[in-house]
Amino acid sequence: MFKPTFARSLVLALSLAAAAVTAQAEPEQYFPLQSYRVGPYAAGGTGFFGGFIDYMQYVNANGGVNGVKLTWSECETEYVVEKGVECYERLKKGLNGAPAAATNPLSVGIAYATLDRSTADKLPLITINHGRTDSTDGSVFPYAFPLQLNPYSEVSAIVNYIGKQAGGLDKLKGQKIVTLYHGSPYGKETIPVLDLLAKKYGFTVEHVEVPHPGNEQQSQWLNIRRAKPDWVILRGWGVMNPVALKTAQKVGFPANRIIGNIWSNSEDDAAPAGAAAKGFISITTHPSGTQFPVLQGIKKTVVDAGKGNLADPKRFGSVYYNLGVVNGILNVEALRIAQDKFGKKPLTGEQVRWGFENLKLDDARLKSLGALGLVQPLKLSCADHEGGGAVRFQQWDGQKWSVISDWVQADRALLRPIIEESARKYAKEKGITPRDCGKEG
């Protein structure tokens, strides 16, 4: 009786040891996700994090990043700042030995609240298409990355487009623009730069706030009707957007004179407004659609295999979902670039930060990723944590978005001194000595 029992124990011990060796042989890189899948902004959260997760699944199905598999866990924030901070603290140390690469909260409030923590913890804070505009200056904000489009670039590009429609920026003189904005730090971020652009080009601008979450806007739109603006810039989020379009129709303001910003540009913003949304224009850093090779790869490898993260598969290829895919591409490429310098292994947040600062995506690389036309060319540096600053305009035809412009670039030369001045002020308040970007490499 002794020998068979001993033999079985020996076999079991060897099996466990082999399993442990196998586990050790599969290194992982962790992405903590401060997601939100409930509440008034759930459409954005479920689409974005669904696309991000599906892209990571796709990368894993193709061998990971140089053999390093990606892992993640979610912590529900409900888009509430306090919960976002709690989630950050809970997730920042990694998962089962896998170090955290970066945080991607998709929330201006949470980003502001965790900025100092991210810097102290040396963990990159990724705020794609949002965040503090002055965090574009990496000499002061080494761990914050407002990738592709910061808020000032957003409104600058919109004003440039309006100027083009008028026949030139000089034709803006005497025009009136109303900005209808979400009553949050995100919504208020662009007030100063719009005032500056109005002064520069001679148009008048009026700022109208909509309290969170934006379910009632009758008084705001009555005021807009009385103001008789040439254009309305809609800086909304979540339920505020379709309510704005419906209310605009009620007071007789045409949808084709409303330009939605980057968080007012999805199917979930337009479709619920029904006929009131037809003709509505918005900006985008990426198109919707499933025609891109990377999307086709995700469909075949992840979605068709029953592993897709979206509860509603009809949202595959939507604006929010594709933004999540784009975000996944940028995070993974930063990790890949960092591995080229620090080794093909799981990396610290500090090492991944170097990857973001050296991120370069040209047409050739985008084509190899299957993302040409989905992601705009980007080149980041110590001094420039945005890297893009361009948008295209799209129009809702009642069923879908159609791109109606080429890339429209923000006036980055005009904006840069403003960004640097704000960054210097922040550095002085916080006692930060800016890095010498000329010595960074």
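The values are calculated or read from the model by the stated rules, or taken from the named source; none is laboratory data. The structure displayed is predicted, hence computed values, not measured ones. What goes into the accessible areas is simple: the full protein's heavy atoms, side chains included, and nothing from ligands, DNA or RNA. Shrake-Rupley method; radii C 1.70, N 1.55, O 1.52, S 1.80 Å.
Need one number: the % of Cα-Cα pairs in region 218-274 sitting beyond the 12 Å mark.
Numbers: 995 of 1596 pairs.
Looking at region 218-274, the distances longer than 12 Å represent 62 percent of pairs.
If you look at the Cα atoms of the chain, you get an Rg and a Dmax of 23.2, 98 Å.
When the residues TRP221, TRP401, TRP354 are ordered by accessible surface, computed with a 1.4 Å probe over the protein chains alone, the sequence from largest down reads TRP354, TRP401, TRP221.
Is region 143-232 rounded, prolate or oblate when judged by the Cα gyration tensor, a ≥ b ≥ c being the square roots of its eigenvalues, rounded requiring a/c under 1.5 and prolate requiring a/b larger than b/c?
It is oblate, given that a/c is not under 1.5 and a/b is not larger than b/c.
Within the assembled protein chains, the solvent-accessible surface assigned to HIS212 is about 110 Å², based on a 1.4 Å probe. In the context of the full protein assembly, TYR320 retains an accessible surface of approximately 10 Å², using a probe radius of 1.4 Å and ignoring ligands and nucleic acids. So if I take the alpha carbon set of region 208-366, get Rg, then get Rh from the Kirkwood formula, what is the Rg over Rh ratio? That ratio equals 1.10.
Would you mind checking the pairs LYS199/LYS246; LYS83/LYS314; LYS92/LYS360; LYS122/LYS345; LYS250/LYS278; LYS367/LYS439 and listing those with alpha carbons more than 21 angstrom apart? Before the final figure, lay out the partial values.
On the way: LYS199/LYS246 31 Å; LYS83/LYS314 30 Å; LYS92/LYS360 26 Å; LYS122/LYS345 18 Å; LYS250/LYS278 14 Å; LYS367/LYS439 32 Å.
From LYS199/LYS246; LYS83/LYS314; LYS92/LYS360; LYS122/LYS345; LYS250/LYS278; LYS367/LYS439, over 21 Å: LYS199/LYS246; LYS83/LYS314; LYS92/LYS360; LYS367/LYS439.
I need the fraction of alpha carbon pairs in region 326-441 separated by more than 18 Å, rounded to a whole percent. Could you put the intermediate results ahead of the total?
Values: 4291 of 6670 pairs.
Of the Cα pairs, 64 percent sit more than 18 Å apart.
Per-residue surface analysis assigns ARG315 an accessible area of about 40 Å², computed on protein heavy atoms at 1.4 Å probe radius.
I'd like to check one number: the per residue accessible area of region 176-322, probe 1.4 Å, reported in Å² as a whole number.
39
Rolling a 1.4 angstrom probe over region 161-225 with all protein chains present gives an accessible area of which 52% lies on carbon and sulfur atoms. Which translational diffusion coefficient, to the nearest whole µm²/s, is obtained for region 371-425 from the Stokes-Einstein equation, given a Kirkwood hydrodynamic radius over C-alpha pairs, 25 °C and 0.890 mPa s? My calculation gives 180 µm²/s for D. The lysines within cross-link reach of LYS307, meaning a Cα-to-Cα straight distance under 21 Å and a gap of 8 or more places when in the same chain, are LYS69, LYS299.
Leaving ligands and nucleic acids out of the surface, order LYS314, LYS176, LYS171 by accessible area at 1.4 Å, largest first. Walk me through the numbers on the way to the answer.
Details: LYS314 180, LYS176 70, LYS171 105 Å².
My answer, sorted largest first, is LYS314, LYS171, LYS176.
Globularity index of region 85-164 is 1.25 (Cα radius of gyration / 2.2 N^0.38 Å, N = number of residues).
Put simply, region 229-313 fits an ellipsoid with semi-axes of 31, 13, 10 Å; these come from the alpha carbon gyration tensor as the roots of five times its eigenvalues, largest first.
The listed residues GLU357, GLU420, once ranked by accessible area (1.4 Å probe) with the largest placed first, stand as GLU420, GLU357. Over region 50-185, the pair-distance histogram of Cα-Cα distances with 10 Å bins from zero comes to 10, 31, 30, 17, 9, 2, 0 percent, rounded to whole numbers.
Mind checking Rg over Rh on region 300-361, alpha carbons, Kirkwood formula for Rh? Walk me through the numbers before you get to the answer.
Numbers: Rg = 14.8 Å, Rh = 13.3 Å.
Across region 300-361, the Cα-based Rg/Rh ratio is 1.11.
Nonpolar atom fraction for region 296-441, defined as the carbon and sulfur part of the 1.4 Å probe accessible area, stands at 49 percent.
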